[in-house]
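Note sheet for the following structure.
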Amino acid sequence: MNPYGAYLALRNNSKAAMLAAIEIYNKPHIAYRDECFVILLVNAWELLFKAVLSKNKVRIFKPKKRGQPYRSLTIEDSMAESRQFFPSQIHFDPVAQNIGLLLEYRNQAVHLYNQHGLNIVIYGLAQTSITNYRDLMQA
């Protein structure tokens with residue numbers, strides 16, 4: 001097993017997750033749309049952070065424990081590890097704070113439920129997140 005992951009596969013899956021998120025966003029009559037959109041958006045970021053680490057030969061897997069499956073870094077861990085590789089023109093802290101807020105929403109959606117009426121806030125955060133994502137992908 002490659003402890004760094006496969007950069008191209010991670011990057012391509014990240015891009016596919018982002019495009020799927022945008023596709024869901026553009027379907028206004030789908031149930032659970034906001035939640036699906038944010039789940040895919042956060043997943044795209046996690047895969048992109050792991051792709052950045054993979055490209056820079058940083059392990060994306062936690063040390064293996066005997067009798068347990070391999071476990072990759074969490075989004076929080078992969079984001080923190082990626083900080084050192086961020087291009088100078090992209091400020092890490094605002095990107096991380098934006099993702100952190102979306103991650104809170106995602107966690108509520110996955111494990112419980114979210115309050116109605118948050119969609120305007122979520123889409124504002126998501127618009128910024130997508131722009132940041134594009135900038136990092138291009139860099």
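What are the trypsin sites (Lys or Arg not before Pro) within segment 8-113 that DSSP puts in a loop, where the Cβ has at most 12 other Cβ atoms within 10 Å?
Values: sites: Arg11, Lys15, Arg33, Lys50, Lys55, Lys57, Arg59, Lys64, Lys65, Arg66, Arg71, Arg83, Arg106; in loops: Lys57, Arg59, Lys64, Lys65, Arg66, Arg71.
Hits after loop and neighbour filter: Lys57, Lys64, Lys65, Arg66, Arg71.
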Report, ordered by chain and residue number, the lysines lying within cross-link reach of Lys55, taken as a straight Cα distance under 17 Å and ignoring same-chain residues fewer than 8 apart.
Lys15
Could you give each residue of segment 127-137 its phi-based ³J(HN,Hα) in whole Hz, using Karplus coefficients 6.51, -1.76, 1.60 with θ = phi - 60°, and x for Gly or Pro?
4, 5, 4, 5, 5, 4, 4, 4, 4, 5, 4
May I ask you to give the percent of accessible area on the chain that is carbon plus sulfur, with a probe radius of 1.4 Å?
54 percent
Just from its helices, what would the mean residue ellipticity at 222 nm be for the chain, if runs of 4 or more DSSP H residues each count -39500 (n - 2.57) and the sum is divided by every residue, rounded to the nearest 500 deg cm²/dmol?
-22000 deg cm²/dmol
Residue-normalised value, i.e. accessible area per residue, for segment 24-139 at 1.4 Å probe, in Å², stands at 62 Å²
In the calculated pair distance distribution of the chain, what percentage of Cα-Cα distances lie above 26 Å?
25 percent
Tell me which residues come under 5 Å, amide H to amide H, from Ser72 once H is placed; ignore anything under 5 positions away on its chain.
Lys62
Return the single residue from Tyr25, Tyr123, Tyr70 with maximal mean-square fluctuation; model: Gaussian network over the chain, springs between Cα atoms under 10 Å.
Tyr70
List the lysines whose Cα lies under 24 Å from the Cα of Lys65, skipping any in the same chain that are fewer than 8 positions away.
Lys50, Lys57
Under a GNM of the chain (C-alpha, springs under 10 Å), which listed residue has the highest mean-square fluctuation: Val58, Val121, Val38?
Val121
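The values are calculated or read from the model by the stated rules, or taken from the named source; none is laboratory data. These figures come from a predicted structure and were not determined experimentally. Note: ideal-geometry Cβ built from the backbone for every residue, glycine included; neighbour counts use all protein chains shown. With ligands, DNA and RNA removed, areas are computed over all heavy atoms of the protein, side chains included. Shrake-Rupley method; radii C 1.70, N 1.55, O 1.52, S 1.80 Å.
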